Amino acid sequence: MLRKLIDAGLDVVRLNLSHGELDEHLGKLANVRTAAAECNRPVAVLADLPGPKIRSGRFPEGGALLEPGALIELRPGDEPSDEKLMYVQYDTLLDDLRSGARVVLGDGAISMTVTEVADDHATARIETGGRANGQPGVNLQSDMLRLTTPTEEDLVLAEAMATAGVEYMAVSFVREAVDIERVRDVVGDRAQLVAKIETQASLDNLESIITVSDAVMVARGDLGIDCPIEDVPHLQKRIIRECVASGTPVITATQMLESMISASTPTRAEVSDVANAVFDGTDAVMLSGETAIGRDPVGVVQAMSAIAERAESEASYRQWANRLGRMQLDTDRAVTPGEKITMALSHAAWQAATDADVSAILCCTRTGRTARAISRFRPEARMIGLSPDPRMVRNMSLTWGVEPVEVETYASTDEMVWFAVKTAVEMGVAKSGDIVLVLAGAPDVDRNITATDVLRLVRVD
C-alpha cells in the first residue's frame, strides 16, 4: 500500500503519535523507508507529537446520544460517561471553567456552553448534539488551559523519533516561540520542527513562532474550535502568506477530502478547498483520516494530486513574486548578514530566471535554505534541489515545487555547477541550447557566513 501511495504522489508520511504505541510507529517508519527505496523516491516522515490532550471518560458501547438543548454535568475524573454526566480527564477542570465557556468534543461535531460552575461539578447546555462514542477529545478554550506544550510525554517521544531519524516533527498546540525551543533543546538538528497553528495564542504570536520554526501547519481542525469558524479561511490565507514571505514551508491540513473516508469521489466543495489552498500558495496539502482509515487511500492521493496539478497549471504567482521582492526591503524583522545575502540573491535569481526564460533552476544546497529561498517566489521553471545529504534530500520533499535529487560532494564552485547541469541533462529537464540557472552557497567549509551567494546562468552545450 505504501508503494502504491508513493506512486500516486505521496511526498511526506505523517505518523500521528496520538494513536498507537512507539514500537508500532517505529515499524511504520521502517516500512516507509523500505517502500521509498523500492520506488526510488525521496519520502520524508513527519512525526506528529500528541500535545496536551484532554479526553472524556469512556461512553457506553454504542455511544450516548447528546440531545441539543439538554443539560449535562461535567466532573473531573476518568469514570464512565453517559448522556447526563461526562467525566473529563483534567484535574483542574472546575477551577478553569467559567460560565459562558465553550466545550467541544472531538472534531467539533458536539458542542456545549457552560451555564454554571459549582464546587463539585459544572453544568453545560448542549448546543450541537450528536452521538458520543469511546473517549473523544475534550476541547476547552486555549486561554483557559493550564496545560503546557510540549508535555513530558511529547519530549520522550521527540527524543525517540529524532533518534529513529524522522525528518520532521510537528509540535501540537503551540502558543509561543518558547514551545518550539523546548522541543529544539531535545531534538537539536536531528529533525526539523513544524509548528501547528491551532490556537488563538499561536495567531497572536505568529511572527515569532514562524521565526523559530522550520515549517508551519495550518491545523484547521482545532483552529476552527478555538476561533470563530467563519474566520478560518481568512486565517489560513494570513498564515500561508506570512510563511511564504519568510521562506518557511507551510502545510494546509484537516478535512481536505473528508468525504472520501467513505465515498469514492470528493465533493465539489472539497475540490475547491484543495485548489484554493494551492492558489493561496501553500507548500503542501495534507490528508488525515482519508488515508488512515479511508476506504481507498490510493484513490484519495490520486484525487488530491490531480486537483493540485490542475490548480498549479493556472496559478499565477508572478504578481506575488514582485510584491515579495518589495516586502523583503520593508521587513522589520532582524535579519542576519547571511539572510540579507540570500534574500537579495534569490530575488535576483527569480528575476534572472524569468528574464532569461530558463528551462530549470538548479538549487545546490547542504541545508535546504537555498531551495526554500528561491521557492518563495514560486518560479515557473522546474526547480531541482541537489544535496549530498540523503536526509536533506528527503527534507526538500516538503518545499513547494522542488524535485529533490542526491548528488556527490564537490570541492569547488565550478565543479558543483558543472555536475548540477550534467544532472539536469541526465534527468531530461535540460537539453542542448537550453539556459539553466544554478543557485548555491559556495562549498567553502571555513566561511563564517552561511548564505546563498552563487548565481550562474549556464547555456547547455
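Taken as a whole, the condition of being in contact (Cβ under 8 Å) with a residue 40 or more places away in the chain, touching a strand residue (DSSP E or B) at 6+ places or on another chain (Cβ under 7 Å) and either surrounded by fewer than 23 Cβ atoms within 10 Å (Cβ to Cβ) or assigned to a helix (DSSP H, G or I) (or both) applies to V393. Among the residues making up the range 10-39, those that are in a loop (DSSP other than H, G, I, E, B) and either among the charged types (D, E, K, R) or surrounded by 16 or more Cβ atoms within 10 Å (Cβ to Cβ) (or both) are L10, D11, L17, E21.
Of everything listed in (1) over 20 Å from I180 (Cβ atoms); (2) surrounded by fewer than 20 Cβ atoms within 10 Å (Cβ to Cβ); (3) without any contact (Cβ under 8 Å) to a residue 60 or more places away in the chain, the single unmet condition for V298 is (3). Are any of the residues in the range 84-94 aliphatic (A, V, I, L, M), closer than 27 Å to E230 by Cα, under 33 Å from the mean Cα position of the chain (by Cα) and not assigned by TED's automatic domain parsing to the domain that holds D222? No; the residues of the range 84-94 include none that is aliphatic (A, V, I, L, M), closer than 27 Å to E230 by Cα, under 33 Å from the mean Cα position of the chain (by Cα) and not assigned by TED's automatic domain parsing to the domain that holds D222. With respect to the conditions (1) touching a helix residue (DSSP H, G or I) at 6+ places or on another chain (Cβ under 9 Å); (2) more than 20 Å from V393 (Cα to Cα), R55 falls short on a single one, namely (1).
Taking the criterion of being modelled with pLDDT under 95 and over 30 Å from D96 (Cβ atoms), the residues of the range 42-64 that qualify are E61, G62. Of the strands (runs of 3 or more DSSP E) lying entirely inside the range 109-156, those containing at least 1 residues that are within 23 Å of the chain's Cα centre (by Cα) and on the phi < 0 side of the Ramachandran plot are 138-140. Going by the structure shown, is L345 at pLDDT 85 or above, assigned to a helix (DSSP H, G or I) and not assigned by TED's automatic domain parsing to the domain that holds D7? Judged against the criteria, L345 is a match. Among the residues of the range 134-158, those identified as touching a strand residue (DSSP E or B) at 6+ places or on another chain (Cβ under 8 Å) and of a type outside the set (G, A, S) are Q135, P136, V138, N139, L140, Q141, T149, P150, D154, L157. Inspect all residues belonging to the range 362-379 and state whether any of them is closer than 18 Å to V244 by Cα, more than 22 Å from the chain's Cα centre (by Cα), outside any helix (DSSP H, G or I) and of a type in the set (D, E, K, R). Within the range 362-379 (the criterion being closer than 18 Å to V244 by Cα, more than 22 Å from the chain's Cα centre (by Cα), outside any helix (DSSP H, G or I) and of a type in the set (D, E, K, R)), the answer is no, since none of the residues qualifies.
Hey, among P233, P228, which residue is at pLDDT below 95 and closer than 22 Å to T199 by Cα?
Details: P233 fails: at pLDDT below 95.
It is P228.
Got a sec? Which of P42, P52 is part of a loop (DSSP other than H, G, I, E, B), buried (at least 20 other Cβ atoms within 10 Å of the Cβ) and touching a residue at least 24 places away in the same chain (Cβ under 8 Å)? Write out each step before concluding.
Values: P52 fails: buried (at least 20 other Cβ atoms within 10 Å of the Cβ).
After ruling out the rest, the residue left standing is P42.
Going by the structure shown, is S432 over 16 Å from A353 (Cα atoms), surrounded by fewer than 21 Cβ atoms within 10 Å (Cβ to Cβ) and hydroxyl-bearing (S, T, Y)? So S432 passes the test.
The values are calculated or read from the model by the stated rules, or taken from the named source; none is laboratory data. Keep in mind the model is a prediction, meaning the values are calculated, not measured. Cβ atoms come from the backbone with ideal geometry, glycine included; neighbour counts cover every protein chain shown.
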